Amino acid sequence: MNFALVTGGSRGLGAAICKKLASQGLGIIVNFRSNGSAAQEVVDEISENGGYAELLQFDVSSEESVDRSLEQWEEQHPNDRITILVNNAGIREDNLMIFMQTQQWHNVINTTLDGFFYVTRRILKGMLTKRFGRIINIASLSGLKGLPGQANYSAAKAALIGATKALAQEVAARKVTVNAVAPGFIKSDMTKDLDEDSLKKLVPLGRFGEAEEVASLVAFLASDEASYITGETISINGGLY
Ligand code: NAP
C-alpha cells in the first residue's frame, strides 16, 4: 500500500490533510507529538469512512525519536512505502524580539526546520530508490512577508521555503517533487487566541480560511495532476499579503 505521512496530523490543518488524502485511497500515517486522543479520533474517522490510517508518535524535533519510529514502521511494513510526506508539524511562540527568550527562539526553529530536516532525510531515501515522491512543506504567509512578534516563526518558515527550493532541484531527476504551501489565517487551535473579528477585516476575502481548504491544495500537490510543479510556494491566504 502507498502511504502518506502527515506530521502533526492530530489536529488542525494536519488532521484535515490526513482525512483528505485518505479519501483519495492512500494509507495515512497520522503523526502526533503528545495529543494521542486527538490523533486517535482522526484515525477512527478515516476508518469509519472506509479508509486506512495508523498512528505514529514521534517528536519531529528529535532526531533520535524520528529515526527510531520510522525505522520501526519500515520494519513492520516491508511491502508498503511512503510516497507522500507532508511536513506540517509546527508551533507558534510569539514575542517581540526584545522580549524573546532563547527557548522561544529554539523551540520554534527546532520544530519547523529541524523537524523538516530529520523527517525528510529519513523518508527521502525510499522515494529516491523508487523514483517517485511528493514532499509538501507547510510554510506560512509569515515566512514570506515577516510578521512582527514572530521573528522566530517567520525565520523558520522562510528557511523552510529556501530548503524547499534547494531540495526540489536535488531530487527532480528522480521524479520527486518538493513544494511549499503558505497559508494566511486559517481556523485552528493555533489561531484560536487571535482576534478573528478584527483580523478578518485585513483579509480581502473577509474571513479566516478553513483547514479543509488548505487540505484540498495539499491533495492537489500530492496528486498526479501536479507532476510538473516543483520548488514552488503556493499561497492560500484569502488575498492577504
Ligand atoms: P495546531 O492546530 O496547533 O496543530 C499543530 C500540530 O502539530 C498538532 O498535531 C501537534 O501535535 C503537532 N506538533 C507540534 N509540535 C510537534 C512536534 N515537535 N512533533 C510532532 N508533532 C508536533 O496548528 P495548525 O494551525 O494546524 O498548524 C499546522 C501547520 O500549519 C503548522 O506548521 C503551522 O505553522 C502552519 N500554519 C498554520 C496557520 C494557521 O493559521 N493555522 C497559518 C500558516 C501556517 P499534538 O496534537 O500532539 O500536540
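Rounded to the nearest 500 deg cm²/dmol, what is the calculated helix-only ellipticity per residue at 222 nm for the chain, with -39500 (n - 2.57) per DSSP H run of length n ≥ 4? Numbers along the way, then the final one.
Details: 9 runs with 104 residues, N = 241.
Taking each H run of at least 4 residues, the total per residue is -13500 deg cm²/dmol.
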Mind ranking 202-212, 160-170, 83-93, 115-125 by how tightly packed they are, going by the mean number of other C-beta atoms within 10 angstrom, highest first? 83-93, 115-125, 160-170, 202-212
Gap in Å between the Cα centre of the stretch 20-90 and the Cα centre of the stretch 104-137? 14
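Listed highest first by mean packing, meaning other Cβ atoms within 10 Å per residue, what order do 189-195, 130-136 come in? Write out the running numbers ahead of the final one.
Numbers: 189-195: 11.6, 130-136: 20.4.
Highest mean packing first, the order is 130-136, 189-195.
Note down the magnitude of the dipole of the stretch 104-241 about its Cα centre, charges +1 on Lys and Arg C-beta and -1 on Asp and Glu C-beta and zero elsewhere, to the nearest 20 debye. Intermediate values should be presented prior to the final figure.
Working: 16 positive and 13 negative charges, 131 e Å.
Charge dipole of the stretch 104-241: 620 debye, to the nearest 20.
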If amide hydrogens are placed 1.01 Å from N in the peptide plane, which non-local residues have theirs closer than 5 Å to the one on V30? E54, L55, L56
The relative contact order of the chain, taking Cα pairs under 8 Å that sit 6 or more residues apart, comes to a percentage of 20
Could you tell me the center-to-center distance, by alpha carbons, between the stretch 171-191 and the stretch 208-225 in angstrom? 9
Taking the Cβ of Q104 as the center, what net charge do the other residues with Cβ under 14 Å away carry, scoring Lys and Arg +1 and Asp and Glu -1? -1
The answer for T230, listing residues at least 5 apart or on another chain whose modeled amide H is closer than 5 Å to its amide H, is none
Reported to the nearest 10 Å², W105 has, with a 1.4 Å probe, an accessible area equal to 90
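About the Cα centre, and with charges only on the beta carbon of Lys, Arg (+1) and Asp, Glu (-1), how big is the dipole of the chain? Nearest 20 debye, please.
Details: 23 positive and 28 negative charges, 161 e Å.
So the dipole magnitude of the chain works out to roughly 780 debye.
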Note, ³J(HN,Hα) from phi for the stretch 88-93, Karplus 6.51, -1.76, 1.60, rounded to Hz, x at Gly and Pro: 10, 4, x, 9, 10, 9
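Which net charge results when you count Lys and Arg as +1 and Asp and Glu as -1 among the other residues whose beta-carbon is under 14 Å from that of F3?
Cβ neighbours under 14 Å give a net charge of +1.
The values are calculated or read from the model by the stated rules, or taken from the named source; none is laboratory data. Please read all numbers here as calculations on a predicted model, not as lab measurements. As a convention, Cβ positions derive from the backbone with ideal geometry for all residues, glycine included, and neighbour counts pool all protein chains shown. Keep in mind that these areas ignore ligands, DNA and RNA; they rest on the heavy atoms of the full protein, side chains included. Shrake-Rupley method; radii C 1.70, N 1.55, O 1.52, S 1.80 Å.
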